[in-house]
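The values are calculated or read from the model by the stated rules, or taken from the named source; none is laboratory data. Source: prediction; values computed, not measured. So basically every Cβ, Gly included, is an ideal-geometry build from the backbone, and we count neighbours across all protein chains shown. Accessible surface is based on the protein model in full, side chains and every heavy atom, while ligands, DNA and RNA are left aside. Shrake-Rupley method; radii C 1.70, N 1.55, O 1.52, S 1.80 Å.
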Amino acid sequence: MKYRTYPGTDISTSEVGFGVWTLAAGWWGDFTDDEAIALLHRAYDLGITLFDTADTYGNGRADELVGRAFAGRRDKVTITSKVGYDFYNHPDARRGQQEIPHNPDPAFLREAVEKQLQRLGTDTIDVLAFHNVKEDHVPDDGIWETFQRLQDEGKVRSWGGALGPSNGYLFEGMDLIRHRRVKSLQLINNILEPFPGQNLTEEAERTGSTGIQVRVTHSSGMLEGKYTEDTEFAKNDHRRHRPRSWLVNGLKKLESLRWLHEGREMTIGQAALKWLLASPAVVTTLPNIYNVEQLEEFAAASDLPDLSADDLARIAELQRTNFGVHEDHMRYKGTMQRDGEPIGPMYRYADDGFPGAPAPELETAAAD
């Protein structure tokens, strides 16, 4: 396993991290506490040292799992987390992928962090993010001043933001990087869904001040190479929220990526992580992990050879043409257009037939 450091900090992270939401949220199967902790321990044995949680994952359960798993060796792991959703007053509000209400009040955020520290069994959170920042949160000084005070008090070592739950939120992310100078930004990005995550990653490269945490690294499992047209998901599996066209078109796109892993000692799932790690701005990747076989496959990706410049160029050309697959335009949430503001080279895809033209109101990736 290789390790990277958040810009401007001494906080180290494994290139492959573990997002604990898969164990606590019930959207990727049900895990007993013992099963979940066994997976976390195995991840640590494989060199994974970053564990990402949020207070709303299982209404505090994810925090408790991490706290139990690493009691006595807290100094050996990096814990990143998120607050902002008020599940305390709305414990049953979530239905499917629907979000529960945010509460950006400084007093609430401070109390949420204090409760999370208790569940985690620690005095400090390494990186704290506001969970799924919306347009009105970016200019809210109360949020970011509270985070900075928590850092000054030693309860947080660094802070940032997370984007979601679906794909989009381009300018929310841009403003967090450019104006809030966040040390960490969690976002969606993968080979099959590179917009707008790749634009934000390139902006982080340009500024050099923000480390990117990438989630939905495998397009909700599509890039693991295990699906067929007959694949069906359980009723409590969040992938049931994806339209069938996502499955059918995704399989077609995978066909155009066979060259990336066939004949190499690398799976398509590992290649998907190496594509993300090609950016120096990416400090860690957070694949959805829900069994030991998959965990071992992903953890091994870090030590595999990097993708070549030719590999990256060939992938970029496939993305430019949407892998030769015609499909309806993808729609995004958040602020995707701003007068007089160019949004980077990937925006040209919309003019070239790529389904990237911004449009509102349809979630396109897993809620997290």
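Quick notes on this structure:
- Chain lengthening between Ala278 and Arg73 when straightened (0.36 nm per residue, less Cα-Cα): 70.7 nm
- Choice from Leu312, Leu254, Leu39 showing the highest fluctuation, given a GNM over the chain with Cα pairs closer than 10 Å: Leu312
- Selection from Ala162, Gln270, Pro101 lying farthest towards where the dipole of the chain points positive, charges on Cβ: Gln270
- Rounded, prolate or oblate (a/c below 1.5 giving rounded, otherwise prolate when a/b exceeds b/c) for the chain by Cα gyration tensor: rounded
- Each of the peptides 63-69, 156-162, 260-266, 317-323 was scored by the mean count of other Cβ atoms within 10 Å over its residues; in descending order, highest first, they stand as 156-162, 63-69, 317-323, 260-266.
- Here r is the Cβ-Cβ distance between Glu262 and Thr321 and R0 is 22 Å; the resulting FRET efficiency, rounded to 0.05, is 0.60.
- Karplus 3J(HN,Hα) series, Hz, for the stretch 262-279 with 6.51 cos²θ - 1.76 cosθ + 1.60 (x for Gly, Pro): 5, x, 10, 8, 7, 7, 5, x, 6, 4, 4, 6, 5, 4, 5, 6, 5, 8
- Based on Cα contacts under 8 Å between residues 6+ apart, the chain shows a relative contact order of 19 percent.
- For the chain, accessible area per residue (1.4 Å probe, heavy atoms of protein chains only), Å²: 40
- Peptides 222-230, 9-17 ordered by average Cβ neighbours within 10 Å, highest first: 9-17, 222-230
- Pair Arg206, Glu114: separation of 7 Å Cα→Cβ label points (nm): 4.2
- Contour minus Cα-Cα distance for Asp34 and Thr9 (0.36 nm per residue): 5.6 nm
- Paramagnetic label zone (point 7 Å from Cα along Cα-to-C-beta, Asp123; backbone N under 19 Å) in the stretch 50-74: 67-68, 70-74
- Comparing Gly142, Ser279, Asn322 along the charge dipole axis of the chain, the residue lying farthest to the positive side is Ser279, per the Cβ-charge model.
- Assigned charges on the beta-carbon of Lys, Arg, Asp, Glu; the chain dipole about Cα centre (debye): 140
- Portion, in percent, of the accessible area of the stretch 41-194 that falls on carbon or sulfur, probe 1.4 Å: 43
- Cα gyration tensor shape for the stretch 102-166, rounded if a/c is under 1.5, else prolate or oblate: prolate
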